Amino acid sequence: MSQNLIQPFEAAIAQFKNQILPKTLLLHPAIGYFCTYTPIEVLHAAGFTPIRITGGAGSVEKAYAHMPDFICPFMKRTLEKALNGEYEFLSGVVQGYSCDAACGAINIWREVIGGDIYHTLPMPYNSNPDAKTFYKSALKELIEKLSAHGGTFSETRLDQSLYLYTQIRHILLGLYERRRKQDHVLNAKQLLVIMEAEAITPPETYLEMLKTLKNNLQDASPLKNQGIPVMISGSLVEDAGILDMIEDAGGRIVANDLCNGYRQLLPPAADGNSPLDRIVNRYLQRMPCPARARAEDRMGLMLDLMTKSGAQGLILILQKFCTPHLSDYPSLARVLRENGFPVLLLEMDESWQPGGQAQTRLESFFEMIGN
């Protein structure tokens, strides 16, 4: 039953991977982005379709001619796919300033992939009045560049885009909340598929898919996963196999601190005197990433999410060479363990194949929590 519910999302992903782009996408120029600090509402309001550039599992060959080995698998795989022609339909890339790897990669893309629009959006690290003024000015600069390349931005269109994406985020958060309460009909892998489809589907189409899913879920019977509740953390998970492995080993994922999870959705919206003010407030107040916040500033949020979700432990899924998350790990693990939460670290490369050792470590982790 639940597999049928997510079939439209799987179909959208399959079409995208086979470069059979949805008709609605072809009607609008597409702009790629790496990171969820990119204000996609602004791109959409200017008449472009935001497409999150993904890496996924696979090999890396061509990308090594342009970037070193000690870059995270995500950035290497995105460039590999672009060099293979998988993103040739993009008009360019807009990147909200986040980690150094992403900000360096956009310059490589500009040189070797090409396109009309390339822009790195500077972002302050706090949300005081001066920071908001600076960020609002930076957004206006982005809007001017989009307008110079055929964009049709207006405050009215931005207000409509904000409403559209707010609806999407509220429905997605509702799916996660049902899972936390065990009133869920979707496993962790299926939720990831739904999130993956959001990245590559025009938002108008995606919202209708979500509304249909929400209606169909009303009468569905909850799953009976009685595993040990855990939270997962990391940059982003690009292969659902690791989630299946966690739940097969005895876990039940009830919350996450992922770039393609809660950090993408919280807060779903923000207040402000104008649509542009609401954009400023949302992106400067969003659930922070290690690339944008000090470890000690994230600890309270992590502990609160662990407690509210009922998680009994944390599994950090770390992409190899992801410096922000790796730097946070010692402090994060220490604070969580001091508060009674065991922590397990799993490191993934571009293959996203954790191997048998990971399975054994997961089983031992859950056995330790259960005793």
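The values are calculated or read from the model by the stated rules, or taken from the named source; none is laboratory data. This structure is a prediction, so every number in the text was calculated from the model and none was measured. With ideal geometry, Cβ positions are generated from the backbone for all residues, glycine too; neighbour counts draw on all protein chains shown. For accessibility, only protein heavy atoms count, side chains too; no ligands or nucleic acids. Shrake-Rupley method; radii C 1.70, N 1.55, O 1.52, S 1.80 Å.
Distance between the C-alpha centres of the range 67-136 and the range 292-366: 26 Å, rounded to the whole angstrom. Coordinate range of the alpha-carbon atoms in the range 164-269 per principal axis, descending: 38, 34, 22 Å. Straight-line reach from residue 189: taking Cα to Cα under 12 Å and skipping same-chain neighbours fewer than 8 places apart, the aspartates and glutamates in range are 10, 238, 239, 244, 247, 248. Annotation: amide H-H contacts under 5 Å for residue 97 (H modelled 1.01 Å from N, sequence separation of 5 or more, or interchain): 121, 123. Packing, taken as the mean count of other beta carbons within 10 Å per residue, orders the peptides 360-368, 199-207, 66-74 from highest to lowest as 199-207, 66-74, 360-368. Take the chain with all the other protein chains still there, run a 1.4 Å probe, and you get 42 Å² of accessible area per residue. Shape of the range 192-335 from the C-alpha gyration tensor: oblate (a/c of 1.5 or more and a/b not above b/c, with a ≥ b ≥ c the square roots of its eigenvalues).
What fraction of the Cα pairs in the range 148-214, stated in percent, has a spacing above 13 angstrom?
Details: 1517 of 2211 pairs.
Summing the P(r) tail past 13 Å for the range 148-214 gives 69 percent.
Counting only protein heavy atoms, what percent of the accessible surface of the range 1-132 is carbon or sulfur at a 1.4 Å probe? With neighbouring chains kept in place, the figure for the range 1-132 is 52 percent.
Rounded if a/c is under 1.5, else prolate if a/b beats b/c, else oblate: with a ≥ b ≥ c from the C-alpha gyration tensor eigenvalues square-rooted, which is the range 69-185?
Numbers: a/c = 1.58, a/b = 1.15, b/c = 1.37.
Oblate, since a/c reaches 1.5 and b/c is not below a/b.
On the protein heavy atoms, probe 1.4 angstrom, tell me the percent of accessible surface of the range 191-264 carried by carbon and sulfur.
Working: 1140 of 2450 Å².
Summing carbon and sulfur atoms, their accessible area is 47 percent of the total for the range 191-264.
The calculated Kirkwood hydrodynamic radius for the chain is 21.2 Å, given to one decimal from all distinct C-alpha pairs. For residue 140, which lysines qualify as cross-link partners when the Cα separation must be under 24 Å and same-chain residues fewer than eight apart are set aside? Partners within reach: 132.
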